[in-house]
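Here the structure comes first, spelled out in C-alpha cells, and everything after it is commentary.
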Amino acid sequence: MSQTFAELLAELRPDADAVEQATRYYLAEKSGDLDPAKMKDQLRQAAGERGPELDAALAGVEQDGAQIESACLTILAEAWEDPAERDAVRGALQDAKAQLPVIEIALIAITVAYGMYLLTTRGIKRRLKVKRHNPDGSIDEIEEVEYETPDAPLRAITKLFSGGQSSETGDQR
C-alpha cells in the first residue's frame, strides 16, 4: 500500500512556511528553475487582455496567507497523485523543512499562481480533437495535444486561465 499525501504530511509535519517553500522548490524543479519574472511573463501571456484580472488576483493572493498555503497544498497534493512525482514532492518537503530561507511574499504569490496555472491547464498549450465518421458507422476520434514547456483555492486565477470552466469537466462554474 502506498503512502497518501496526508500520511506524508503527518510524517514530515511541515509548517506553512515549509509548505510554501516546498512548492517553490517543486515548481523550480519542474520548470527548469524558471525565475519568477519569467513565470509572471508566461502568466501574462496566457491571461492576454485579462492582465488586469491577473494583477488583481495576485494582489489578493499576496494578502491571504491561508489561501497561499491552501493553494500550495493543492499543487503538491495534485503532484503526489502521480507516482512518478512522489519522490520530487517528498524531496521538496524534506529540503524545505531542512532549510527555510526568507523569501518575499510576492515571489510566493507568483509561484503559487504559476503552479495553479499549470494545474488548471495541465500544461497543455493546444488541444485539437477531430471526430471522423466512417462509412461503416463507427466514429474515430483523433486527439492532438501540444504541451507547454515546462512539462479550488485560487478561483480567480484558475478561472482566468480556464475561461471560467472547470479543468476537469469543462463545465461552467
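Would you kindly identify the helices (runs of 4 or more DSSP H) lying entirely within the stretch 24-90 that contain at least 1 residues that are more than 13 Å from the chain's Cα centre (by Cα) and of a type in the set (Lys, Arg)?
On the way: elements: 36-47, 51-62, 65-80.
Counting at least 1 such residues, we get 36-47.
Could you grab me the full set of residues in the stretch 53-76 that are open to solvent by less than 30 Å² (accessible area, probe 1.4 Å) and among the aliphatic types (A, V, I, L, M)?
Initially, the stretch 53-76 is screened for residues open to solvent by less than 30 Å² (accessible area, probe 1.4 Å), giving 54, 57-58, 61, 68, 71-72, 75-76.
Within the stretch 53-76, 54, 57, 58, 61, 68, 71, 75, 76 qualify.
State yes or no: is residue 3 modelled with pLDDT of 85 or more, of a type outside the set (A, V, I, L, M) and not in a helix (DSSP H, G or I)?
Working: modelled with pLDDT of 85 or more: yes; of a type outside the set (A, V, I, L, M): yes; not in a helix (DSSP H, G or I): yes.
Yes: the conditions hold for residue 3.
What's the number of the only condition in (1) modelled with pLDDT of 85 or more; (2) open to solvent by 60 Å² or more (accessible area, probe 1.4 Å) that residue 88 fails to meet?
The one condition residue 88 does not meet is (2).
For residue 81, all conditions in the list (1) closer than 12 Å to residue 115 by Cα; (2) open to solvent by 60 Å² or more (accessible area, probe 1.4 Å) hold save one; what is the number of the exception?
Unmet condition: (1).
Would you be able to tell me the number of residues in the stretch 6-19 that are open to solvent by less than 30 Å² (accessible area, probe 1.4 Å) and assigned to a helix (DSSP H, G or I)?
Restricting attention to the stretch 6-19, the residues satisfying the condition of being open to solvent by less than 30 Å² (accessible area, probe 1.4 Å) are 8, 12, 14, 18-19.
Among the residues that remain, those that are also assigned to a helix (DSSP H, G or I) are: 8, 12, 18-19.
The number of residues fulfilling the criteria is 4.
The values are calculated or read from the model by the stated rules, or taken from the named source; none is laboratory data. Here the structure is a predicted model, which means the values were calculated and not measured. Remember, those area values only see protein heavy atoms, side chains included, never the ligands or the DNA or RNA. Shrake-Rupley method; radii C 1.70, N 1.55, O 1.52, S 1.80 Å.
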